[in-house]
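Structure first, commentary second.
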Amino acid sequence: MPLETWLAFFAAAWLISLSPGPGALSCMAAGQRHGFRRACWNILGLQLGVMLLVSVVALGLGAVLVASALLFDAIKWAGAAYLVWLGIQQWRAAPQALQVVATADGGRRQLVLRGFLVNASNPKGIVFMLAVLPQFIDPALPAWPQYAACAATLFFTDAVVMSGYTLLAARVLRLLREPAQQRMANRVFGGLFMAAGLALAGFRRS
């Protein structure tokens with residue numbers, strides 16, 4: 001990939017990562033509930049989801065998915081249902097100390113899977129990648145090295161941004177020690193997850 005093309009994509013990747021969405025919400029909720037170090041496993045899951053989306057576009061499956069109303073709607077409704085389910089779980093979560101939460105429902109595998117599903121079940125991400133990525137791919141050059149460069153760039157920028165969201169929540173919202181304050185934070189995040197699910201349910205292909 002020519003340097004000037006990569007620099008343009010590097011700038012675009014920061015804008016993509018900084019755009020608020022379910023990934024950022026997932027990071028803030030995990031940071032508030034589990035602390036920064038443990039919530040890093042959620043960030044890893046999110047990045048694995050991003051890599052899946054890039055692979056789907058690179059393989060040409062993104063165009064097939066967008067063209068198929070049945071497949072697109074199936075993924076859309078699955079993603080919406082998952083976000084609403086996360087919202088309900090967060091809303092109903094009882095106030096607990098971080099060290100208790102870390103051993104109760106904050107296992108590494110659960111956090112990785114949660115982050116992965118947040119991004120992997122979001123058809124808006126596939127549509128967005130399908131619209132953005134091909135603009136930076138030169139058809140006269142081998143495609144896979146270019147997609148690999150884009151994937152690595154997205155992995156880096158998104159990991160940095162999501163770490164920032166997580167650290168902010170872990171440092172600021174961790175100060176909420178009173179049960180009533182923790183319950184309020186859980187319900188705020190739960191409501192935002194459910195709102196994100198409802199917004200995804202109303203998403204339509206352009």
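Quick check: is even one residue across region 24-42 outside any helix (DSSP H, G or I) and either at pLDDT 90 or above or open to solvent by 30 Å² or more (accessible area, probe 1.4 Å) (or both)? Taking every residue of region 24-42 in turn, none turns out to be outside any helix (DSSP H, G or I) and either at pLDDT 90 or above or open to solvent by 30 Å² or more (accessible area, probe 1.4 Å) (or both).
Picking from Trp91, Trp77, Trp85, which residue would you name as being at pLDDT below 80 and farther than 18 Å from Ala24 by Cβ?
Details: Trp77 fails: at pLDDT below 80; Trp85 fails: at pLDDT below 80.
From the options Trp91, Trp77, Trp85, the qualifying one is Trp91.
Ala159: at pLDDT 85 or above, surrounded by fewer than 16 Cβ atoms within 10 Å (Cβ to Cβ) and assigned to a helix (DSSP H, G or I), yes or no? So Ala159 fails the test. For region 131-150, the condition holds for at least one residue, the condition being that it is of a type in the set (A, V, I, L, M), assigned to a helix (DSSP H, G or I) and modelled with pLDDT of 90 or more.
Scanning region 175-206 for residues that are open to solvent by 60 Å² or more (accessible area, probe 1.4 Å) and modelled with pLDDT of 75 or more gives Arg183, Met184, Arg187, Val188, Leu192, Leu198, Ala199.
Among all residues of region 57-74, there is none that is in contact with a helix residue (DSSP H, G or I) (Cβ under 7 Å, 6 or more places away or on another chain), of a type in the set (S, T, N, Q), modelled with pLDDT of 75 or more and at negative phi. Selection of first residues in region 150-174 that are farther than 17 Å from Met51 by Cα and of second residues that are open to solvent by 60 Å² or more (accessible area, probe 1.4 Å), restricted to Cβ pairs under 7 Å at least 6 apart or on distinct chains, gives the following pairs, ordered by first then second residue: Thr166/Phe36; Leu167/Phe36; Ala170/Phe36.
Write out, first by first residue and then by second, each pair whose Cβ atoms fall under 9 Å of each other, whose residues are 6+ apart or on separate chains, and whose first residue, in region 1-30, is within 18 Å of Ile137 (Cα to Cα) while the second is outside any helix (DSSP H, G or I) and among the β-branched types (Val, Ile, Thr). From region 1-30, the pairs are Met1/Ile137; Thr5/Ile137.
The values are calculated or read from the model by the stated rules, or taken from the named source; none is laboratory data. Remember, it's a predicted structure, so these values are computed and weren't measured experimentally. Here Cβ is always computed from backbone atoms with ideal geometry, including for glycine, and neighbour counts include all displayed protein chains. Only protein heavy atoms, including side chains, enter the accessible area calculation; ligands, DNA and RNA are left aside. Shrake-Rupley method; radii C 1.70, N 1.55, O 1.52, S 1.80 Å.
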